[in-house]
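Below: one structure, written as structure tokens.
The values are calculated or read from the model by the stated rules, or taken from the named source; none is laboratory data. It should be emphasised that the depicted structure is a prediction, and the values quoted were computed from it without experimental measurement. Here the Cβ is made from the backbone with ideal geometry for all residues, glycine too, and neighbour counts use every protein chain on show. Please note that ligands, DNA and RNA were not included when accessible areas were found on the heavy atoms of the full protein model with its side chains. Shrake-Rupley method; radii C 1.70, N 1.55, O 1.52, S 1.80 Å.
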Amino acid sequence: MAAAWLMPACAWGQSACSLVPVALAQRVQEAPLIVEARVTSQQVAQAAGTHGLATRQQLEVFKVFKGELPAGPLSVCTPGGTLGQRREVVLGGAVLPVGAQGLFFLEPDPTAPGERRLYAGPQGFIQYDLATLAATEPFGRYPSVEQALYGAVAAASGAAYQQVQPNTALAAARQRLGARLAAVQAPVSISSFTPATLTAGTEAVLTINGTGFGSSQGNGYVQFRNADSPGPDANPTYTQPLASEYLSWTDTQIQVRVSSSGQVSTAINGTQGNTAGTGNFVVASGGAQATSPTPLTITYALNNITYQNGTDQNYRGALGGLDNNGGYTLQYSPSFPAAARAPFELALGSWACAAGMNRSLGTDTPVDKVAYDQINAVRFDVGTELPMGVLGLTHLTYAGCGSSADNTTNWVLVETDYTFDSGTNWNFGPGAPTSAQYDFQSVALHELGHGEELQHVISPTSVMNFSIANGQMRRTPDADTDVAGAKEVIDYSTSRPAADLCGNADAFVANTSPTGCTSSRPLPVVLTAFTARYVAGEGTRLAWTTATETGSQAFVVESQDDPASGAWPELTRVAAAGSSPTPRQYTALDARPLAGTRYYRLRQVDLDGHLAYSPVVSVTATTLTLAAYPNPAAGLVHLSGPLAAGATAQVRLLDATGRCLLRTSGPAGRAAFDLPLAGIPAGLYVLAWDGGAGPSYLRLAIEQ
């Protein structure tokens, strides 16, 4: 057990789950101190100003890439940890085990004077893999520490690093890697594995068959795709199981549990690891390695508590009944805005309806901080409490019991706290977010999933997918991943004997009759027709008909001229009927001139935020004539006209005297494009178009 320390104490709520990518160049420019260092020790104590736990990592510095080192020792604080039989987890945070080394981007902690935290949360640590000399971070991977990573940082900072002392471990790793590459290695081959689909954090066992694994494990290992920061498919990142999770190892077969909390140092209890996710896995032995011939599918992952019982072990935690009703009562803090309540409550109801999660809302609390205080706070951060790039975090507090502090095997989740970023451009409404917004209901649904012990997965349809982008929505838990995982947690929790609850909670009771749910969601809109017809001089007339509607909010008309682009810009929005048992007809007009083919689709938005899309329809202009839209125009005009095969349109803008004020060429092979009119005075002009089939002319009015 690590030693406890009292003063000064680290701040608590810093790491996070919901992340926004922060570019390396921005981290280099804005982090006051950047060092290459190794974690030499860790200490856990009560965080300053709270009842929560925080962990301080002491750093041994090898290089300084930016800033000045302090006169004394350098350390970095992260939230959570294990002290006695209390475990606090901040999901998705940076993994900083003793012995880990890499690049640390550090900034002063605004909530704890004199302390430092990671700039941009988990993105403030780029970890080195000394077996391959690669480096990884939540959204990417650098194939070479000394070439790719050093070069990228130098390019962003415009300066070389300063050597503090030799990094002997990195130099030794370079020599070992060179020796392995030079030596003739016995080949490793994976022929098959079973099962092809399983779950993480449930003690599920993967059996790997092949050759060249070695008669014993030795320094061999298995690597799973890292669900917390998978990196690009072409350059993925991985996570390794704990040593205790390898069940057997022979030259032809390996059996290993699929972990949701791997790569943990035995130097301290409670270091949070990474989660295994869907993708090809790797077996390495004797310096050689092989990748699985097909991907392993991880449908869902459950949070595990890593605790030292001789060696690091992963344990499952049970949900508890903390509110005298077999579940959890959440309370809004003063910082939580009124606009966020409706989408948060929709997300809360989604988990209750889909999986039977027993959580309710109580009266508001005056407490506006994350602390171990028997208050399940729902709040927004104050000032710069959350680092750059962090949308929200979920803090889980567990109580444990067992024969002694070093043999804790039973854990119960006794408190959950949720914090969201106050500086994010949120979409709180029931409609879809714009491309500049993040959807609050989707992020709240994700964080509430963590609150029932779900970990990240690699699945674009899952609420628990490792990331969400601006403009995206995921408001419905996926049945095969999210819901299945939540029900597994509930089934496990309701089957625990009273002794497993450690005297801290009553038995958890599933919510079998949550309010506002239906046995099956009715089809909100039955679309019977959707057509598009182009009328020269008028535009494209769009029409659609519904047979019935239930809870419909709007129809959004989207269009594109180039299917290869994948983009569907919004053209117009038409209010829907809401609810109608009889057929309804709708129309819209796209007044833009048409050259060639244009594609349209409808995005149907429900009152509860669900989306559905119509089939795509297309329309083609049968006769191409010169057209301009809008006319009169101001600043920009959209042109379309006749174009011979392989030709490029030549356009001139003539004033009343015939003087040419503007001359340009259109994109090669394009019969339609936008013409900027900046600097052209208001007045009447003539557009001259020549697309290789003879000139065409059109009067154009320009307004200021």
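No other residue among 396, 445, 391 is of a type in the set (A, V, I, L, M, F, W, C), closer than 27 Å to residue 230 by Cβ, outside any loop (DSSP other than H, G, I, E, B) and touching a Pro at 6+ places or on another chain (Cβ under 9 Å) apart from 445. Selection over segment 294-314 of residues that are over 22 Å from the mean Cα position of the chain (by Cα), of a type in the set (Ser, Thr, Tyr) and either at pLDDT 95 or above or open to solvent by 30 Å² or more (accessible area, probe 1.4 Å) (or both) gives a count of 2. Summed over segment 196-218, residues that are among the β-branched types (Val, Ile, Thr) and buried (at least 18 other Cβ atoms within 10 Å of the Cβ) total 3.
Hey, could you check segment 199-221 for residues that are outside any loop (DSSP other than H, G, I, E, B) and over 20 Å from residue 315 (Cα atoms) and say which is farthest from the chain's Cα centre (by Cα)? The residue in question is 211. Only residues that are open to solvent by 30 Å² or more (accessible area, probe 1.4 Å) and among the small types (Gly, Ala, Ser) were counted in segment 363-387, giving 1. Annotation: of all residues in segment 602-629 being open to solvent by 50 Å² or more (accessible area, probe 1.4 Å) and in a strand (DSSP E or B), the one that is modelled with the highest pLDDT is 618. Is there a residue in segment 55-63 that is assigned to a loop (DSSP other than H, G, I, E, B) and either aliphatic (A, V, I, L, M) or open to solvent by 30 Å² or more (accessible area, probe 1.4 Å) (or both)? Looking through segment 55-63, none of the residues is assigned to a loop (DSSP other than H, G, I, E, B) and either aliphatic (A, V, I, L, M) or open to solvent by 30 Å² or more (accessible area, probe 1.4 Å) (or both). Among the residues of segment 352-393, those that are of a type in the set (Ser, Thr, Tyr) and under 20 Å from residue 338 (Cα atoms) comprise 360, 363, 365. Just one of the listed residues (42, 57, 26, 14) is in contact with a Lys or Arg (Cβ under 8 Å, 6 or more places away or on another chain) and modelled with pLDDT of 85 or more, and it is 42. When you check residue 671 against the structure, is it without any contact (Cβ under 8 Å) to a residue 60 or more places away in the chain and in contact with a Leu (Cβ under 9 Å, 6 or more places away or on another chain), yes or no? Answer is no for this residue. Residues in segment 170-194 that are at pLDDT 90 or above, open to solvent by 40 Å² or more (accessible area, probe 1.4 Å) and either in contact with a Ser or Thr (Cβ under 8 Å, 6 or more places away or on another chain) or assigned to a helix (DSSP H, G or I) (or both): 189, 191, 194. Condition test on residue 419, is it farther than 30 Å from residue 501 by Cα, in contact with a strand residue (DSSP E or B) (Cβ under 6 Å, 6 or more places away or on another chain), among the β-branched types (Val, Ile, Thr) and crowded, with 17+ Cβ neighbours inside 10 Å? In short, no. Checked against (1) open to solvent by 10 Å² or more (accessible area, probe 1.4 Å); (2) part of a strand (DSSP E or B); (3) under 24 Å from residue 121 (Cα atoms), residue 410 passes all but condition (3). Assess whether residue 475 counts as being assigned to a loop (DSSP other than H, G, I, E, B), farther than 16 Å from residue 302 by Cα, modelled with pLDDT of 90 or more and not β-branched (Val, Ile, Thr). So residue 475 fits the description; yes. Within segment 106-132, the set of residues being within 25 Å of residue 234 (Cβ to Cβ) and either touching a Leu at 6+ places or on another chain (Cβ under 6 Å) or in a strand (DSSP E or B) (or both) comprises 124, 125, 126, 127, 128, 129. Here residue 429 clears all of (1) at pLDDT below 90; (2) surrounded by 22 or more Cβ atoms within 10 Å (Cβ to Cβ); (3) among the small types (Gly, Ala, Ser) except the condition numbered (2). Apart from one condition, residue 648 fits all of (1) modelled with pLDDT of 85 or more; (2) in contact with a Leu (Cβ under 9 Å, 6 or more places away or on another chain); the exception is (2). If you filter segment 438-481 down to residues that are of a type in the set (Phe, Trp, Tyr) and over 24 Å from residue 492 (Cβ atoms), you find that the one that is surrounded by the fewest Cβ atoms within 10 Å (Cβ to Cβ) is 438.
Is it the case that segment 341-355 has a residue that's surrounded by fewer than 21 Cβ atoms within 10 Å (Cβ to Cβ), among the hydrophobic types (A, V, I, L, M, F, W, C) and without any contact (Cβ under 8 Å) to a residue 40 or more places away in the chain? Taking every residue of segment 341-355 in turn, none turns out to be surrounded by fewer than 21 Cβ atoms within 10 Å (Cβ to Cβ), among the hydrophobic types (A, V, I, L, M, F, W, C) and without any contact (Cβ under 8 Å) to a residue 40 or more places away in the chain.
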